[in-house]
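Below you'll find the structure, written out as structure tokens, and then a few comments.
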Amino acid sequence: MSDTELRITIDVLIEKEGLPQNYAATVEQTILPLIEHIVSLRNAKNRTVVVGIHGAQGTGKSTLALFLSKLLYDHYQYPTVSISLDDLYLTREERRALAERVHPLFITRGVPGTHDVELGEHIIDQLRTAGPCDHTRIPAFDKSRDDRVPPNEWPVFEGRAEVVLIEGWCLGALPEDDKALAAPLNTLEAEEDPLGIWRRYVNQCLKGEYQAFFGELDSLIMLKAPSMSRVLEWRTLQEHKLAEKTGRAPNEGGPAQTAQDLRIMSDEEVARFIMHYERVTRSCLKELPGRADVLIEVSNDHSLSRPCFQAQS
């Protein structure tokens with residue numbers, strides 16, 4: 001693919017995703033250097049590489065992963081698959097069982113303990129070892145219905161992946177010191193987890209199976225949000241867009257469904273929802289910038305800085 005064809009691909013993606021035209025500058029200053037980093041890593045390892053993209057809600061992880069996978073596949077001829085940690089959420093029924101067994105707060109998706117990381121490791125292994133004609137089904141989760149999509153409807157990736165992108169809000173997170181869990185961080189923890197059972201279980205999951213899953217990463221990119229208050233603002237905006245999108249469905253020939261049916265959250269519900277994420281998010285904002293292989297600052301207007309490639313010991 002020529003440079004002209006590359007520009008056309010970028011312009012088409014920007015239009016398709018409804019992004020401002022100045023996102024082309026973000027592609028130039030942020031995304032293309034990341035691609036060079038990934039290509040160099042793949043060539044140095046001479047095998048499938050797994051690249052993580054960490055970022056709090058609303059930082060643009062999904063958009064970044066989309067551009068990276070499309071350009072790596074089409075322009076650089078590196079078969080690339082993108083997996084969201086969100087698509088590895090346990091089913092609603094599995095979370096209901098976890099909520100009954102451990103703590104009621106686990107009915108809400110999001111925190112460590114509510115993902116099927118074993119499924120994630122299995123998918124990565126399949127993508128690494130697949131033959132040219134093999135098909136790997138990539139898990140999918142329907143947030144508007146708060147449940148996993150049936151496996152027969154999952155998208156299919158053909159052949160072996162040269163690059164596996166994994167994006168997620170808690171990707172690469174470390175567990176906290178047990179002493180830090182004693183005092184509640186917000187009203188959700190104070191009122192609904194006064195004994196600390198929920199947050200200790202989350203932390204225990206981070207100590208175990210999640211560290212094994214994060215160990216699959218060959219490189220970790222961090223999109224660093226400016227503050228926790230911005231995360232709440234951006235996640236609220238995401239819910240507004242989801243409500244707008246599903247509200248248009250009847251005009252597009254889809255079935256008419258209520259916001260309650262689709263589990264669209266009010267602003268107050270989003271604020272409570274974000275409290276589930278707050279402890280791990282704050283911890284990551286504090287300590288992950290020093291550990292990430294690549295650091296990208298996200299400004300208040302969502303623009304991305306140039307990547308800072310950090311020397312690893």
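The values are calculated or read from the model by the stated rules, or taken from the named source; none is laboratory data. Predicted, not measured: the structure shown is a model, and the values here were computed from it. Here the Cβ positions follow ideal geometry from the backbone for every residue, glycine too, while neighbour counts run over all protein chains shown. These area figures cover heavy atoms from the full protein model, side chains too; ligands, DNA and RNA do not enter into them. Shrake-Rupley method; radii C 1.70, N 1.55, O 1.52, S 1.80 Å.
Things to note:
- Qualifying residues in region 6-37 (those that are without any contact (Cβ under 8 Å) to a residue 60 or more places away in the chain and open to solvent by less than 20 Å² (accessible area, probe 1.4 Å)) - the one nearest to L217 (Cα to Cα): I35
- Of the residues making up region 276-312, just one is assigned to a loop (DSSP other than H, G, I, E, B), closer than 12 Å to A173 by Cα and either open to solvent by 20 Å² or more (accessible area, probe 1.4 Å) or free of Cβ contacts under 8 Å to residues at least 60 places away in the same chain (or both), namely R291.
- Taking region 43-59 as the range and being polar (S, T, N, Q) and open to solvent by 40 Å² or more (accessible area, probe 1.4 Å) as the test, the residues that pass are N43, N46.
- Lone qualifier among S62, S40, S82 - being out of contact with any strand residue (DSSP E or B) (no Cβ under 9 Å at 6 or more places or on another chain), under 21 Å from L217 (Cα atoms), open to solvent by 40 Å² or more (accessible area, probe 1.4 Å) and among the hydroxyl-bearing types (S, T, Y): S40
- Search result, residues across region 211-224 that are assigned to a helix (DSSP H, G or I) and in contact with a helix residue (DSSP H, G or I) (Cβ under 6 Å, 6 or more places away or on another chain): F213
- Within this structure, A180 passes the test of being small (G, A, S) and either surrounded by 13 or more Cβ atoms within 10 Å (Cβ to Cβ) or touching a strand residue (DSSP E or B) at 6+ places or on another chain (Cβ under 6 Å) (or both).
- Residue match in region 158-176 (condition: without any contact (Cβ under 8 Å) to a residue 24 or more places away in the chain and surrounded by fewer than 20 Cβ atoms within 10 Å (Cβ to Cβ)): no
- Set E269, E278: member being closer than 21 Å to R92 by Cα and modelled with pLDDT of 85 or more: E269
- Every residue from region 77-118 that is under 13 Å from the mean Cα position of the chain (by Cα), hydrophobic (A, V, I, L, M, F, W, C) and assigned to a loop (DSSP other than H, G, I, E, B): V111
- Checklist (1) within 19 Å of P79 (Cβ to Cβ); (2) more than 21 Å from the chain's Cα centre (by Cα); (3) of a type outside the set (A, V, I, L, M) applied to D177, failing item: (1)
- Among the residues listed as L41, L68, L90, L85, the single one being touching a Cys at 6+ places or on another chain (Cβ under 9 Å), modelled with pLDDT of 95 or more and within 26 Å of A130 (Cβ to Cβ): L85
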